[in-house]
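Visitor: Below are the structure tokens for one structure; questions will follow.
The values are calculated or read from the model by the stated rules, or taken from the named source; none is laboratory data. This one's a predicted model, so the numbers in the text were calculated from it and none came from an experiment. Quick reminder, even Gly has a Cβ in these numbers, built from the backbone with ideal geometry, and neighbours come from all protein chains shown. Calculation scope for accessible area: heavy atoms of the full protein, side chains included, ligands and nucleic acids excluded. Shrake-Rupley method; radii C 1.70, N 1.55, O 1.52, S 1.80 Å.
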Number of protein chains: 2
Amino acid sequence: MLRLGIVGFGQQGKLYASILSGITLPGMPPIAKPRDCVLTAISARNASAKAQIEGMGICYFQNWKDLIASDACDAIVITVPHFAHHEIAIAALQAGKHVLCEKPMTIRATDAQAILQAQKENPESKLAMMLNQRANSLLQKVKAIIASGELGKMRNTNYITTNWWRPDSYYESNSWRGTWNGEGGGILVNQACHPLDIWIWLCGMPRSVYSRCLEGAHRNIGVENDVIVLAQYESGAQGVFTTCSHDLMGTDRLEISFDKGKIILEGNRKATILHYKAEENAFGQLYDFRTFYGVMAQNPDAIYEKEELVSQNGFCDDYVQMFQNFADYIAGTSEPIAPIEAGLRQVQLANAIQLSGWTGQEVSLPGDSDTYNQLLAAKIKEEAIL
Amino acid sequence: MLRLGIVGFGQQGKLYASILSGITLPGMPPIAKPRDCVLTAISARNASAKAQIEGMGICYFQNWKDLIASDACDAIVITVPHFAHHEIAIAALQAGKHVLCEKPMTIRATDAQAILQAQKENPESKLAMMLNQRANSLLQKVKAIIASGELGKMRNTNYITTNWWRPDSYYESNSWRGTWNGEGGGILVNQACHPLDIWIWLCGMPRSVYSRCLEGAHRNIGVENDVIVLAQYESGAQGVFTTCSHDLMGTDRLEISFDKGKIILEGNRKATILHYKAEENAFGQLYDFRTFYGVMAQNPDAIYEKEELVSQNGFCDDYVQMFQNFADYIAGTSEPIAPIEAGLRQVQLANAIQLSGWTGQEVSLPGDSDTYNQLLAAKIKEEAIL
């Protein structure tokens, strides 16, 4: 049984406390508590939470350093603001605690690298990422189909992930929201880290990116919230990624084409898989291309098979599975669904997209961290003056 | 009654001859012949067509110059290969003939400019473009909704038009296909001029484009056939356009978001229009953004109205309407559906996208024609050596 301590008792920390304690949230269906984890400690800066936490029979710490130094838990879950992740993660790894880190791993890729280094130097301490969308059963199936190689190599990818509507009132609700100082960026840091991770997971890490990042598009903020990315892959494939925070009825649609098939993933709830009966170019030997369209209309079975998959995930199932997988990883019985490297790569990609937007230049991955850090520092400085 | 002469008796010329003569094509539904046009002449280089053409009671010319010089028709329809369009169009305008020009107007924007100049100098001669997709009743409705202003200003556009599958056998079927010398380019010149025109028509002309044009992607050709375009608009909006010729089951999906609504057009057959009850940011005053998603799920009528439109167009209806509209334009009773400027803009945009792909630089519209012409000439020269 893995004893977990939650660092941070904000919105996400409270949600995790409920999940780990098997508490049903108001108006929500019951959650199946993860089998091999137990919540034993919480650190919360605000001492007013002490009574509530201790009332649940859980050790309370005001300072995360005390939680890490204590023997109250074997592993921590980091749910504090992004800028503080690396300091806590590194200290925990060094103190012999395992870490489950909320997304994004860090703001700066250099900080994520420092976490990897600390883990390497403390190999008994493990770290995994809470990139919970990977635990979606539908995405797991899609990943397995791609990994099996039956569709061949990827050719193109197009991800429209504009379903991150946030009105001005959202950005006004906390002073750190939508600021360089508070979040290190906008949609690329906060909302879009899930689709960026899923994109890398399913399509691979781009070799380079060229992006346009509009800052404060239709919103009273200074950070990017309307982004288009052109990606090039080592294989020669290319792709597009678009995201924004001002589309009231945003789209969530990922299309990936392969040598022998195509995947269209909609809203992480439905996937359409087209399995071609042969490599696509081969149909040009069988049919004149106009004849092909006739066959497609009248006898599509000769050309492809269509598979439709729907997500079976219920409320919070993905979180429960991520906690269970983390316990299994620590127990040495399973590989992590979202390993430490996944956290780094997601941050590297977000940094590279921001850097390309700032400089107007194509950026080769993993990107120039020094320039990124300098330009981010300049953004923060400029914001403080305004 | 407008007397039309067709220049060129290839695939398209023959189709137009059938439409204008009211001939039903084998295995196809009958076509409603355009009311105010009559086909009176055809020029075809291959003299073997003479008997067939004269057998239809239509004047035959082997040389288009003779057709233009004759009094056998009032207007011509140009259906010869793209590189020859401007010479014929200019000669016809100067000879007092009206012109209906097949897409693309020309390969080079400078040649399209020369056509506009010739029309200006011969104002009694009119020119319209055969950009027939504009006559699709569904697109006409979508255009009217945008033009009415009820959805407000455009914010983003994303066009996936990869439904132009052409196998190697297609490119091998004619020596000019997929060559710089024969077509002046690949998918941007040939297949994608329709969606480029529709994109400009519905979303406006971009201020600048940055593109990636893969040449010979999964095909044994030297021209571009896998293209991603990032577009910036004068208004501050941005958009994406992707097209390719190696997607067996390509996608045709145009999404446009506005201040007060959204349009999703699929396959030119179906449009979903979302009419918001207010400007999108205003919902942030009405609801906390998490509450908003609850309202969206339980009482969507409070937020938007969904309109679904389906194309009523039958086989060749668009062509018939384009011919009728051309007759009406010449008669002075209607504006052209696809005016001369539309032809120029479509070519300017295609040229700018190619130029950006060749140079790796962002290109401001209308683009540097001299550089484009030099680089195209170099491509043609290089191809001849290979």
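Visitor: Cross-link list A:K141/A:K262; A:K306/B:K270; B:K65/B:K97; B:K141/B:K260; B:K141/B:K306; B:K97/B:K143: which exceed 19 angstrom alpha carbon to alpha carbon?
Guide: Those over the limit are A:K306/B:K270; B:K97/B:K143.
Visitor: Carbon and sulfur: what percent of the range B:211-271's accessible surface (1.4 Å probe)?
Guide: Here it works out to 43 percent.
Visitor: With the dipole of the range A:93-163 worked out from charges on the C-beta (+1 for Lys and Arg, -1 for Asp and Glu) around the Cα centre, which of A:G149, A:A114, A:A128 lies farthest toward the positive end?
Guide: Selected residue: A:G149.
Visitor: If you take each beta carbon of peptide B:77-88 and count the beta carbons of other chains within 10 angstrom, what is the mean?
Guide: 0
Visitor: Still on this structure: Which whole number gives the average count of other chain Cβ atoms within 10 Å of the Cβ atoms across peptide A:218-227?
Guide: For this peptide, the per-residue mean of nearby foreign Cβ atoms is 2.
Visitor: Residue by residue, what Karplus-based ³J(HN,Hα) values in Hz, rounded to whole numbers, does the range B:265-280 have, using 6.51, -1.76 and 1.60 with θ = phi - 60° and x for Gly and Pro?
Guide: 10, 10, x, 6, 10, 9, 10, 10, 10, 9, 9, 6, 6, 7, 4, 4
Visitor: Could you give, in nm with one decimal, how far A:V310 is from each other copy of that position, shortest first, with labels 7 Å out from Cα toward Cβ?
Guide: Ordered by distance, the counterparts are at 2.2 nm.
Visitor: Rank B:G284, B:A271, B:N325 by how far each Cα sits towards the positive end of the charge dipole of the range B:262-326 (+1 on Lys, Arg Cβ; -1 on Asp, Glu Cβ) and give me just the farthest.
Guide: Looking along the dipole axis, the top candidate is B:G284.
Visitor: Keeping every protein chain in place, order B:T106, B:T371 by accessible area at 1.4 Å, biggest value first, i.e. largest first.
Guide: Final ranking, largest accessible area leading: B:T371, B:T106.
Visitor: Under 12 Å from the Cβ of A:A282, count the other residues' Cβ atoms, weight Lys and Arg +1, Asp and Glu -1, and hand me the total.
Guide: Taking every other residue near A:A282 into account, the sum is -2.
Visitor: Let me ask something else about it. List the relative contact order of the range A:1-124 as a percent without decimals, with contacts defined as Cα pairs under 8 Å and 6+ residues apart.
Guide: Once divided by the residue count of the range A:1-124, the mean separation gives 25 percent.
Visitor: Right, next: Among B:T251, B:I303, B:I200, whose Cα projects farthest towards the positive end of the dipole of the range B:188-306, with charges put on the beta-carbon of Lys, Arg (+1) and Asp, Glu (-1)?
Guide: B:I303
Visitor: Then there's this: Say a label goes 7 Å from Cα toward Cβ at B:N63 in every copy; what distances in nm does this one have to the rest, shortest first?
Guide: Those separations, rounded to one decimal, come out as 9.8 nm.
Visitor: Which net charge results when you count Lys and Arg as +1 and Asp and Glu as -1 among the other residues whose beta-carbon is under 11 Å from that of A:G178?
Guide: -3
Visitor: State to the nearest 20 debye the size of the charge dipole of the protein assembly as shown about its Cα centre, where the only charges are +1 on K and R beta carbons and -1 on D and E beta carbons.
Guide: Charge dipole, the protein assembly as shown, about its Cα centre: 580 debye, nearest 20.
Visitor: Rank A:S48, A:S137, A:S70 by mean-square fluctuation in a GNM of chain A with C-alpha springs under 10 angstrom and give only the top-ranked residue.
Guide: Comparing A:S48, A:S137, A:S70 in the GNM, the peak value goes to A:S48.
Visitor: Could you estimate the translational diffusion coefficient of the protein assembly as shown from the Stokes-Einstein equation, with Rh from the Kirkwood formula over C-alpha pairs, at 4 °C and 1.567 mPa s, in whole µm²/s?
Guide: In µm²/s, the coefficient rounds to 45.
Visitor: From the phi of every residue in the range B:71-76, what ³J(HN,Hα) in whole Hz does the Karplus formula 6.51 cos²θ - 1.76 cosθ + 1.60 yield, where θ is phi - 60° and glycine or proline is x?
Guide: Once θ is set to phi - 60°, the couplings for the range B:71-76 become 9, 6, 8, 9, 8, 10 Hz.
Visitor: Then there's this: Among all stretches of chain B without exposed trypsin sites (Lys or Arg not before Pro) (DSSP loop, at most 16 other Cβ atoms within 10 Å), which one is longest?
Guide: B:278-386
Visitor: So, one more: How shielded is A:148-155 by partner chains, expressed as the average number of their Cβ atoms within 10 Å of its Cβ atoms?
Guide: 1
Visitor: Roughly how big is the B-A contact, given as buried accessible area in Å² (both sides, 1.4 Å probe, nearest 100)?
Guide: It comes to approximately 4800 Å² buried between B and A.
Visitor: Counting only C-alpha contacts under 8 Å and six or more residues apart, can you give the relative contact order of the range B:204-270 as a whole percent?
Guide: Answer for the range B:204-270 is 22 percent.
Visitor: Would you mind checking the tilt of helix A:11-21 against the longest principal axis of the Cα atoms of chain A, expressed as 0 to 90 degrees and rounded to 10?
Guide: Computed tilt is about 80 degrees.
Visitor: Given a 1.4 angstrom probe, what's the average accessible area per residue across the range B:165-212, in square angstrom?
Guide: Roughly 25 Å² per residue, with all protein chains present.
Visitor: Would you work out the charge dipole size for the range A:289-369 about its Cα centre, treating the Cβ of every Lys and Arg as +1 and the Cβ of every Asp and Glu as -1, and quote it to the nearest 20 debye?
Guide: 280
Visitor: Calculate, axis by axis, the spread of Cα positions in chain A along the three principal axes, and write the results as whole Å, longest axis first.
Guide: 74, 50, 44
Visitor: Can you sort A:T110, A:T272 by solvent-accessible area, 1.4 Å probe, largest first?
Guide: A:T110, A:T272
Visitor: Write out the GluC sites (Glu not before Pro) in the range B:106-168 meeting two conditions: DSSP loop, and at most 15 other Cβ atoms within 10 Å of their Cβ.
Guide: B:E124, B:E150
Visitor: With a probe of 1.4 Å, find how much accessible area the range A:219-337 has per residue, and write the answer as a whole number in Å².
Guide: On a per-residue basis, the range A:219-337 sits at 38 Å².
Visitor: Something else: Measure off, as a whole percent, the carbon and sulfur share of the 1.4 Å-probe accessible area of the range B:34-125, all protein chains present.
Guide: Carbon and sulfur together cover 48 percent of it.
Visitor: Roughly what % of DSSP beta bridges within the protein assembly as shown run antiparallel, to the nearest 5?
Guide: Rounded to the nearest five, the antiparallel share is 60 percent.
Visitor: Does anyone have the angle between helix B:289-298 and the longest principal axis of chain B? Alpha-carbon axes, 0 to 90°, nearest 10?
Guide: Between the helix axis and the principal axis of chain B, the angle is about 70 degrees.
Visitor: Can you list the distances in nanometres, one decimal and ascending, from the B:R290 label point to the identical position in each other copy, with the point 7 Å along Cα to Cβ?
Guide: Distances to the matching label points in the other copies: 6.0 nm.
Visitor: Another question about this same structure. Rounded to the nearest 10 degrees, what's the angle between the helix B:137-148 long axis and the longest principal axis of chain B, both from Cα atoms, 0 to 90?
Guide: Taking Cα atoms only, the helix is inclined about 50 degrees.
Visitor: Hey, if we sort B:C101, B:C213 by accessible area with the 1.4 Å probe, largest down, what's the order?
Guide: I get B:C213, B:C101, largest accessible area first.
Visitor: Within 13 Å, Cβ to Cβ, of B:A84, how many net charges do the neighbouring residues add up to if Lys/Arg are +1 and Asp/Glu are -1?
Guide: Neighbour charge sum, excluding B:A84 itself: -1.
Visitor: Roughly how many Å² of B:Y210 are accessible to a 1.4 Å probe, to the nearest 10?
Guide: Rounded to the nearest 10, the figure is 10 Å².
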